[in-house]
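> Quick one: the structure is below, and I'll ask about it shortly.
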Amino acid sequence: MVDTQQTSTIPPRPSLWNPKTAWMLGIGLALGLATYQAGLGRPGVALINWAGWPQLREFLAASLHPDLSPGFVMLMGRAALVTLAYALLGTTLSIGLGMVGGLLAAEVGWQTLLPGVPGKLFLWRGWRGLLAFPRAIHEVIWGLLLLQVLGLDPLVGVLAIAIPFGAIVAKVFSEILDETPREPLNTLLNAGSPPLIALIYGLLPQALPNLLSYGFYRFECSLRAAAVLGIIGAGGLGYEIFLSLQSLRYEQLWTGFYMLIVLNGAVDAWSALVRRRLGFTSRLDINRKPGTVVSHGGAGSPRPDRLLRLSGVGVGVAIPLSGWFLQLDVSRLWAPRTLRLTGELFTSGWPTLPTLAELGNLVYLGWLTVAMSMVAIALAGLGGILFSLPAAQNVVLPGGLLRPLGQQNNIPWVGGLMLGSSRLVLLVSRAIPAPIWALVLLFVLFPGVLPGALALALHNFGILGRLMAEVNENLDDRPVRALSALGASPGQVVAYGIWPQNLGRFLAYILYRWEVCLRETVIVGLVGACLLYPSPRPQT
C-alpha cells in the first residue's frame, strides 16, 4: 500500500546576502565616505562661519523690501526678456540638432536606412560615443570656450545651451525611437515603401508626442541654464543677480530673485497647461514601458482648442522675435576671425601629459566631485520624495489618496494650503541656480565640499520634487483606494500603496539628476564654493 499523504515543506528562508543587499551596502559605504569628505563627523573641522550670520540676517531682511523703483524694475524686466530669448532659441536649436543626431544614434535608423552597409555597428556605436562628449561638458564651460572665439556676442549664450542640450536631446530621442513599436514601420517596408518614407510615416509620428513632451521639459532646463550663463557675462537675469550680489545690494538681489521665480513659475504653468491639453504626461518620462504614451488624467487624443492654437502661433512668432531682440548675427560663425580663433583653440587646447603629482591631484579632485554630487543627490532625492506627496493634487486635496471623502477632520482649505506652499517651496528651490545658492551659503559656511553639495541639493530638490509629484499624480490609484477602504492609515497608504508603485521611477529620476549634478559641480566651483579649498577649513 502506497502512502499518498503529501508532506508540506516550508521553503527555506532567503539569504540576507544577495546582489541587492550588496549594492545597498556599497552605496551606503560610498555615501558615508562622501559625507565624511564633506566634513560631517570629522573631528577638528569647522564648517560654520559664525561671523557671517549678521550678513545673512541682513540678506534675509532685504527680502521684505526689494528694490521696486521703476527704473530698476524696467532693467530687470528687460533682463528677463533676454533670459527668455536665450532659452527659447537654445531650446529650438537643441531640438533641431537632437532630432538629426537622435536619428543617427538610433539603432532602428541604421537598420532601416543602411541595412547592408558593412561596419554599420561600429559607426553607430562611434556616433553614440561621440555624443557623450558635448553633453558631458556643462553649458557654462561651453560658454567660456565660445567666448574665446566669438567674444561677448549673444550667439555665445544660444550656442552654449544648444550644443550640450542638443546632445542630450539626441540621446533621449534615439532611445524613444528604439523603444517605439516597429509594426507600422515593418508594414510599410514590406509594402515596398522607400526606407526614409517608411521611417517618416511609420515611426516618427509615434515618437513625436514623447519628443514634444520632453521638449517642454528641456525648455524649462534651458531657462535655468540661461540664468546661469549670466555669471560669465552673457546677460539676462543671472548677470544682474550676480552683479547685485557682488555689490552687496540685497534689495536689488531680491528683486532679481522674485523676477526669476515669477518667470520660472509662468513657464512652468504654461508648459503644464499645454501638455495637459495635448494629453501628455509628465515633463520627463523615464523608466516607462516601451512604446507607451500615458495620458494625463485619462485624456485621449489632443484637443484642438484656442489655447493650443495661440501657443503654437506665439512660439512661432517668438522665435524670430527673439533673434531680432538679441540682435543675432549668424554670419559671425563663418567670419575669418572666428575661423582663425577656432583653429588656434584646437591647436593650442591639447593638454600636456600630467606628472605623477598632477595625476594624483586630478584623482583627488575627481573624488571631491563625486563626493559632492553624491551628498547633493542623496539630500535632493530624499527631500524630493517627501515633498512629492503634499505637492501632488491627487494626494492631499479633499477626496485624494490620503484624504478620502467622508473622513473626519477633512477641512477643505488644509489640503490647498499644503499643496500651494509645497509647490511654492519647490518652485523657489529650482528657480534659483545652484551657483547663486552657493554664494548665499558662503555667508555662513566655509568654502569646501559642503556648501557646494548643499547648493546642488537645494536646486535639484526643487526639480526632483516636481517631477516626483507628477509621478504621484499619474499613479494607478486603485490599489491605494483599496488600502484606504480597508482602514489603512495615511502612513500605511504611503508605505504600502504609493511608494512601492513609484519607487522605480523615483530612483530613475535620482540617477538621471545625479549625472546632471556631476556636470553642475563645475559651475559651483567657478563661484568659489569648493575649489578655493578642496577640503574643509581646519579649526583654528
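> Checking the conditions here, which among L212, L223 is of a type outside the set (D, E), in contact (Cβ under 8 Å) with a residue 60 or more places away in the chain, out of contact with any Ser or Thr (no Cβ under 9 Å at 6 or more places or on another chain) and closer than 30 Å to R78 by Cα?
Sole residue among the options that is of a type outside the set (D, E), in contact (Cβ under 8 Å) with a residue 60 or more places away in the chain, out of contact with any Ser or Thr (no Cβ under 9 Å at 6 or more places or on another chain) and closer than 30 Å to R78 by Cα: L212.
> Additional query: Identify, by number, the condition in (1) in a helix (DSSP H, G or I); (2) at pLDDT 65 or above; (3) more than 30 Å from L150 (Cα to Cα) that F280 doesn't meet.
Exception for F280: condition (1).
> Those residues that are of a type in the set (S, T, Y) and over 19 Å from A226 (Cα atoms), I need them from region 59-94; list them, please.
Result: S63, S69.
> May I ask you to list the residues in region 304-332 that are more than 30 Å from A272 (Cβ to Cβ) and either polar (S, T, N, Q) or surrounded by 14 or more Cβ atoms within 10 Å (Cβ to Cβ) (or both)?
Q327, S331, R332
> Among the candidates A132, A38, A85, which residue alone is under 30 Å from I377 (Cβ atoms) and surrounded by 16 or more Cβ atoms within 10 Å (Cβ to Cβ)?
A38
> Working only within region 173-187, note down all residues that are surrounded by fewer than 20 Cβ atoms within 10 Å (Cβ to Cβ), out of contact with any Asp or Glu (no Cβ under 7 Å at 6 or more places or on another chain) and in a helix (DSSP H, G or I).
If the condition is that a residue be surrounded by fewer than 20 Cβ atoms within 10 Å (Cβ to Cβ), out of contact with any Asp or Glu (no Cβ under 7 Å at 6 or more places or on another chain) and in a helix (DSSP H, G or I), then E175, E179, E183, P184, N186, T187 are the ones that fit.
> State all residues of region 336-369 that are within 28 Å of V449 (Cα to Cα) and among the aliphatic types (A, V, I, L, M); if no residue qualifies, say none.
L353, L356, A357, L359, L362, V363, L365, L368
> Now, a different point. Quick one: how many residues across region 255-266 are surrounded by fewer than 19 Cβ atoms within 10 Å (Cβ to Cβ) and under 17 Å from the mean Cα position of the chain (by Cα)?
2
> Here's another thing I want to ask about it. Name every residue in region 228-242 that is at pLDDT 85 or above and either of a type in the set (G, A, S) or on the phi > 0 side of the Ramachandran plot (or both), in order of residue number.
G236, G238 - these are the residues of region 228-242 that are at pLDDT 85 or above and either of a type in the set (G, A, S) or on the phi > 0 side of the Ramachandran plot (or both).
Conditions (1) farther than 23 Å from A455 by Cβ; (2) not in a helix (DSSP H, G or I), marked per residue:
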{"residue": "G192", "(1), (2)": "yes, yes"}
{"residue": "Y214", "(1), (2)": "yes, no"}
{"residue": "L223", "(1), (2)": "no, no"}
{"residue": "A227", "(1), (2)": "no, no"}
{"residue": "A234", "(1), (2)": "no, yes"}
{"residue": "S244", "(1), (2)": "no, no"}
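> Right, another one. So which of Q55, Q111 is of a type in the set (S, T, N, Q), surrounded by fewer than 20 Cβ atoms within 10 Å (Cβ to Cβ), outside the structural domain of P134 (by TED's automatic domain parsing) and out of contact with any Leu (no Cβ under 7 Å at 6 or more places or on another chain)?
Q55
The values are calculated or read from the model by the stated rules, or taken from the named source; none is laboratory data. The model shown is predicted, which means the values in this text are computed figures rather than measured ones. Ideal geometry is used to build each Cβ from the backbone, glycine not excepted, and the neighbour counts take in all protein chains shown.
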